[in-house]
Amino acid sequence: MSLTMTAAATPASMSFDERYRAIDSRDARFDGQFVTAVRSTGIYCRPSCPARTPKPSNVTFYPTSAAAHEAGYRACKRCLPEAAPGSPQWNLRGDTAGRAMRLIADGIVEREGVPALARRLGYSPRHLTRLLTAELGAGPLALSRAHRAQTARMLLVGTDLSAADVAFSSGFASVRQFNDTVREVFGMPPLELRARRRASRHDGPGATAAASAPGVTIDLALPHRGPLDAAGLFAWMAARAVPGAEVATASTFARTLRLPHGPAWFELRLDGADHARAPRVRLRASLTNLSDLSPLVTRARRLFDLDADPDAVDQSLARHPALAPLVAGLPGIRVPGAADPHEMLIRAMVGQQITVAAARTALTALTAALGEEAPAFEGMLAGAGAGSLDAAGPGDAPAPVRLFPTMAAIAEHGADVLRGPAARIRAITGAAAALADGTLTLTAGDDAGEQRAALLARPGIGPWTADYVRMRVLADPDVFLPGDVAVRSGAAAVGLPAEPRALDEWAARTAPWRSYLTAHLWRAVPPKVPVRRVAASVPTGRPDDASTRSLTSALTTGGTS
């Protein structure tokens, strides 16, 4: 028996019978979206657990593993529910619970504590605890503890880091706390959990953690659900990679990133040719401080939209005849996120009203002039050379690997580097200054309406930029850009209205997945130049980070057909 997943039947609104049918059919689409606790055994499982389906009278469903922990259950040793992808509900939900889960995943509780989380959300710590307990079955401390346990399991199984390194990189304050939590959640000590990993797993030679200068290099698999349009993601990144800070090829993307405890470098790639139908994404990263690992994994997952539910998205969009061929041709399309919210805003503003190529040139100059030189991480040196040549273009020497400039540097010196209308430069440096001094906040846990209003209050930021940043930074699945030139061109190509108001009215029927409609329409733009000339002839009319255009269409069509 199979359960049809629609926008109206999300895990948050599913009845007990619907959830029971999902576990009875072992439907992997719901892994990570709720857990099944079994009273007769005292364990909780993911919906696709291969064990015998328990009787309904013995089952309780919880929205999070933290809620199951709080109720006294431990994780199943057979299906390892902590290894499931994250729930798409935290992006779909714009309420306090969804925002809290996004901020907890980014490590705010470990770095700043529950009071800081409560301040970000506009509540007292006590009221936030009551609210989250009512909504999710656990308070912020328990939710953060569950997230640390999930990270610890991932590192124990996927790397050869010592137990102490796993403890501190997972966010635990002590090895004893780490040992107690792992034993309580998984029913075994950490080293036994590591010993139980399957001997047949194919992690490859890089699936280890080894000391490097100046940090530690790790290699992990990043689970996701359903089909994945990996070619489209890599093509998107390749079209926008800023030489010096980013390296992109048809199958890899790497960049430097500034994290709370120091700079880092990471690379996303597909794991082997045998995963062509359901490719597995791997993360290789070098960090200054292991405590930044969990936030880095969260940001990498957000960048490639790996917590999405592509089956639900595709099923909903395919119900519309005009979109059915697009969905059939590109199953599992993703909406790229943002690794750094502040950087995302600057990139969008720099790219306004110029071509992708011109914006990339401007961002390259900005990074070369104002970006700090990144530490020589071992993984970065091993993997960046050829890709840097690819990113820079034929005949260009690889640029020194740098970090994207800080907001303070852009605010102070951006006017000396940026070119274009004076009003636009003032808007960019003004936004950077506001981000630097905290006047403007921009995080993955913002309230969508408040974020949009704050951006629109800034000079030089209009509705398109505010909505586009909301799509990328918040991973909001329901943003549509009816005035976007490429969206309108793609709409006309598939027989939809091309006039903004009429197109916006038509798009309303695809809620809550309008961001994915936008991505499909970007990809539907008819190529205007031969493929061999694409790199030199990107059409005009849209900001740098927003346009997929004929460039991405040419690079991705063959890989997903």
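The table that follows gives values for the structure above.
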item	result
Per-region count, the stretch 174-195, residues assigned to a helix (DSSP H, G or I), free of Cβ contacts under 8 Å to residues at least 60 places away in the same chain and either closer than 27 Å to T41 by Cβ or of a type in the set (G, A, S) (or both)	13
Answer residue from the stretch 57-92, given it is surrounded by fewer than 21 Cβ atoms within 10 Å (Cβ to Cβ) and among the small types (G, A, S) and is modelled with the highest pLDDT among those	S57
Within the stretch 140-189, tally of residues that are aliphatic (A, V, I, L, M), touching an Asp or Glu at 6+ places or on another chain (Cβ under 7 Å) and open to solvent by 10 Å² or more (accessible area, probe 1.4 Å)	1
Unique residue being under 23 Å from the mean Cα position of the chain (by Cα) and touching a residue at least 24 places away in the same chain (Cβ under 8 Å) when the list is A83, A116, A138, A163	A83
Contacts under 9 angstrom Cβ, first residue in the stretch 62-79 being in contact (Cβ under 8 Å) with a residue 40 or more places away in the chain and among the β-branched types (V, I, T), partner buried (at least 22 other Cβ atoms within 10 Å of the Cβ) and in a strand (DSSP E or B), 6 or more apart	T64/V35
Unique match (being without any contact (Cβ under 8 Å) to a residue 12 or more places away in the chain and either hydrophobic (A, V, I, L, M, F, W, C) or open to solvent by 20 Å² or more (accessible area, probe 1.4 Å) (or both)) among R52, R26	R52
Residue list for the stretch 404-426, filter: open to solvent by less than 20 Å² (accessible area, probe 1.4 Å), over 18 Å from A374 (Cβ atoms) and in a helix (DSSP H, G or I)	G414
Any hit, the stretch 270-285, residues being in a strand (DSSP E or B), open to solvent by 20 Å² or more (accessible area, probe 1.4 Å), closer than 28 Å to D314 by Cα and not hydroxyl-bearing (S, T, Y)	yes
Checking R302 against (1) farther than 26 Å from S169 by Cβ; (2) surrounded by 23 or more Cβ atoms within 10 Å (Cβ to Cβ); (3) among the charged types (D, E, K, R), the condition it does not meet	(1)
Residue within the stretch 438-451 that is under 26 Å from A365 (Cα atoms) and not in a loop (DSSP other than H, G, I, E, B) present	no
Among residues of the stretch 9-37, those that are part of a loop (DSSP other than H, G, I, E, B), acidic (D, E) and at pLDDT 85 or above, counted	1
Failed item, numbered, when G171 is tested on (1) in contact (Cβ under 8 Å) with a residue 60 or more places away in the chain; (2) in a helix (DSSP H, G or I); (3) within 23 Å of A285 (Cα to Cα)	(2)
Failed item, numbered, when T288 is tested on (1) open to solvent by less than 40 Å² (accessible area, probe 1.4 Å); (2) in contact (Cβ under 8 Å) with a residue 12 or more places away in the chain	(1)
Selection count, the stretch 464-477, where residues are open to solvent by 30 Å² or more (accessible area, probe 1.4 Å) and at pLDDT 95 or above	1
Flag for D292 being in contact with a Lys or Arg (Cβ under 9 Å, 6 or more places away or on another chain) and under 19 Å from R255 (Cβ atoms)	no
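The rows are residues; the columns are (1) surrounded by fewer than 19 Cβ atoms within 10 Å (Cβ to Cβ); (2) hydrophobic (A, V, I, L, M, F, W, C); (3) on the phi > 0 side of the Ramachandran plot.
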| site | (1), (2), (3) |
| --- | --- |
| S294 | no, no, no |
| V297 | no, yes, no |
| S316 | no, no, no |
| R319 | yes, no, no |
| L330 | no, yes, no |
| V350 | no, yes, no |
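Conditions tested, residue by residue: (1) at pLDDT below 90; (2) among the β-branched types (V, I, T); (3) over 17 Å from the mean Cα position of the chain (by Cα).
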{"residue": "T208", "(1), (2), (3)": "yes, yes, yes"}
{"residue": "S212", "(1), (2), (3)": "yes, no, yes"}
{"residue": "G215", "(1), (2), (3)": "yes, no, yes"}
{"residue": "P227", "(1), (2), (3)": "no, no, no"}
{"residue": "A250", "(1), (2), (3)": "no, no, yes"}
{"residue": "R258", "(1), (2), (3)": "no, no, no"}
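The values are calculated or read from the model by the stated rules, or taken from the named source; none is laboratory data. Everything numeric here is computed off the predicted structure, so don't read it as measured data. Here Cβ is always computed from backbone atoms with ideal geometry, including for glycine, and neighbour counts include all displayed protein chains. Each accessible area value is taken on the protein alone, full model and side chains, heavy atoms only, with ligands, DNA and RNA left out. Shrake-Rupley method; radii C 1.70, N 1.55, O 1.52, S 1.80 Å.
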